[in-house]
Amino acid sequence: MRLRFVFLAGAIFGGLLGYYALWSHLMSRVEASVQAFQAAQKAQGRRFEYRGTQRGGFPYRLSLRLDGVSWSDPRGSAWSIESDALVAHLQFWSNQHIVFELFGSQNLAWRDATGPRRVSVQPERGRASLVLDGADRWLRFAADLQNPIFGGDLEGFSAQRTQVHLRQGGNVPPTQDVALQIADLMLPARLDGPLGRQIVELSLVGKQTGPWVGTTPEEALDGWRDAGGIVEFSTIALQWNRLKLGGDGSLTVDKQLRPLGAMGGKLQGAEAGIDALVAAGKMKLNEAAPAKLALAAMQKKDAGGEAHLPLPLTAQDGWLSLGPVRLFMLPPLLTLKK
């Protein structure tokens, strides 16, 4: 009886030892993949560095923590990404679905025609997911940031939750499904106005069509537009105090890189929107009263008897207009600064 117990214990111990050897071997392959990526980036003139690594996840998965991560491309707009720390999780049976946990501050920097730009985000909890195909090309990407605090060019902004989803579509022409959802977006104090600082909901869901090629944001936008680039939104939703906007539409840019597009749907609380434009200096006080009268004449009632404005909302020739009423001028996208 005792001999049987010894054999059983030995079999269990041997199995565990073999399992750990397999886990350790697979972790070595993960670390080798990171080093191969680093070498490939160097060969392409880019830099990928990290301060140190730490293994984890045994016995359920393969986890690799990277501290002090940075990636940069000195060419063109000098893009760079930095992370205080991240942990990559992989399952034994698939190395093509990677789940990331983000720790500390995540930073994006680049240079455009206005000079150096920087955006940082520090979430209370940050997670991301990346799905690759057999050739290590990305198929799907998602990020979920809880209670993020933004800095840099977005200093003063915060939110309860921010979610981003990207999914590859067709190749000819190249398309991607895109979605952005932000809950309880808080604006900085400098943007406080009649509508307040809290945007309860902002949701954009659609499909982006067109290639992105170029070493600078200006080149990429120019090339995208000239190749017929457009974003078709199936959902546009905004709730900001009494102002509620919902519908669908399309968006591209004109030759001056200003927004160009149209939206259909309905708008509630337009009067509050006019007050906000006056407070922000986008509309003169003597223009507000006739604008409100014009919008009131255009209002209709839905099945519940609630008044709303049927859209179109258009962006054309550098102006945002609601029907025939011009609201305010639109600057080029790449000169927007705080």
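If I filter region 247-254 for residues that are closer than 23 Å to Gly223 by Cα, part of a loop (DSSP other than H, G, I, E, B) and under 31 Å from the mean Cα position of the chain (by Cα), do I get at least one hit? Looking through region 247-254, at least one residue is closer than 23 Å to Gly223 by Cα, part of a loop (DSSP other than H, G, I, E, B) and under 31 Å from the mean Cα position of the chain (by Cα). Restricting attention to region 229-283, report how many residues are aliphatic (A, V, I, L, M), within 19 Å of Gly206 (Cα to Cα) and out of contact with any helix residue (DSSP H, G or I) (no Cβ under 8 Å at 6 or more places or on another chain). Of the residues in region 229-283, 10 are aliphatic (A, V, I, L, M), within 19 Å of Gly206 (Cα to Cα) and out of contact with any helix residue (DSSP H, G or I) (no Cβ under 8 Å at 6 or more places or on another chain). Just one of the listed residues (Gly193, Gly152, Gly214) is under 18 Å from Ser105 (Cα atoms) and touching a residue at least 40 places away in the same chain (Cβ under 8 Å), namely Gly152. Residues considered: Asp254, Asp222, Asp248. Of these, the only one that is within 23 Å of Lys301 (Cα to Cα), acidic (Asp, Glu) and surrounded by 15 or more Cβ atoms within 10 Å (Cβ to Cβ) is Asp248. Residue check: is Leu333 under 30 Å from Arg117 (Cα atoms), surrounded by 16 or more Cβ atoms within 10 Å (Cβ to Cβ) and modelled with pLDDT of 75 or more? Against the criterion (under 30 Å from Arg117 (Cα atoms), surrounded by 16 or more Cβ atoms within 10 Å (Cβ to Cβ) and modelled with pLDDT of 75 or more), Leu333 does not qualify. Sub-9 Å Cβ pairs linking a first residue in region 38-59 that is touching a residue at least 24 places away in the same chain (Cβ under 8 Å) to a second residue that is of a type in the set (Asp, Glu), at least 6 apart or interchain, are Gln41/Asp73; Gly45/Asp73; Arg46/Asp73; Arg47/Asp73; Arg55/Glu31, ordered by first then second residue. Residue pairs whose Cβ atoms lie under 6 Å apart, sitting 6 or more positions apart in sequence or on different chains, and linking a residue in region 265-283 that is more than 15 Å from Gly247 (Cβ to Cβ) to a partner that is among the charged types (D, E, K, R), are Glu271/Lys292; Ala272/Arg242; Ile274/Lys292. Flag: Arg197 matches the condition of being modelled with pLDDT of 90 or more and of a type in the set (D, E, K, R).
Checking each residue in region 277-290 for being part of a loop (DSSP other than H, G, I, E, B) and of a type in the set (Gly, Ala, Ser) picks out Ala280, Gly281.
Annotation: Thr175 fulfils all but one of (1) closer than 22 Å to Ile236 by Cβ; (2) not in a strand (DSSP E or B); the unmet one is (2).
Here Ser203, Ser250, Ser158 are screened, and the one residue that is touching a Gly at 6+ places or on another chain (Cβ under 6 Å), of a type in the set (Gly, Ala, Ser) and modelled with pLDDT of 95 or more is Ser250. Screening region 291-338 for strands (runs of 3 or more DSSP E) wholly inside it with 1 or more residues that are aromatic (Phe, Trp, Tyr) and in contact with a helix residue (DSSP H, G or I) (Cβ under 9 Å, 6 or more places away or on another chain) returns the ranges 325-329. Just wondering, is there one or more residues in region 184-196 that are closer than 21 Å to Leu320 by Cα, among the hydrophobic types (A, V, I, L, M, F, W, C) and out of contact with any helix residue (DSSP H, G or I) (no Cβ under 8 Å at 6 or more places or on another chain)? Yes, because at least one residue in region 184-196 is closer than 21 Å to Leu320 by Cα, among the hydrophobic types (A, V, I, L, M, F, W, C) and out of contact with any helix residue (DSSP H, G or I) (no Cβ under 8 Å at 6 or more places or on another chain). Would you say Glu271 is part of a helix (DSSP H, G or I) and within 21 Å of Ile236 (Cβ to Cβ)? Spelling it out, Glu271 is indeed part of a helix (DSSP H, G or I) and within 21 Å of Ile236 (Cβ to Cβ).
Restricting region 161-174 to residues that are surrounded by 15 or more Cβ atoms within 10 Å (Cβ to Cβ) and modelled with pLDDT under 95, which is farthest from Glu82 (Cα to Cα)? Among them, the one singled out is Pro174.
The values are calculated or read from the model by the stated rules, or taken from the named source; none is laboratory data. Not measured: the values here are computed from a predicted model. Please note: Cβ atoms are built from the backbone with ideal geometry, for glycine as well, and neighbour counts cover all protein chains shown.
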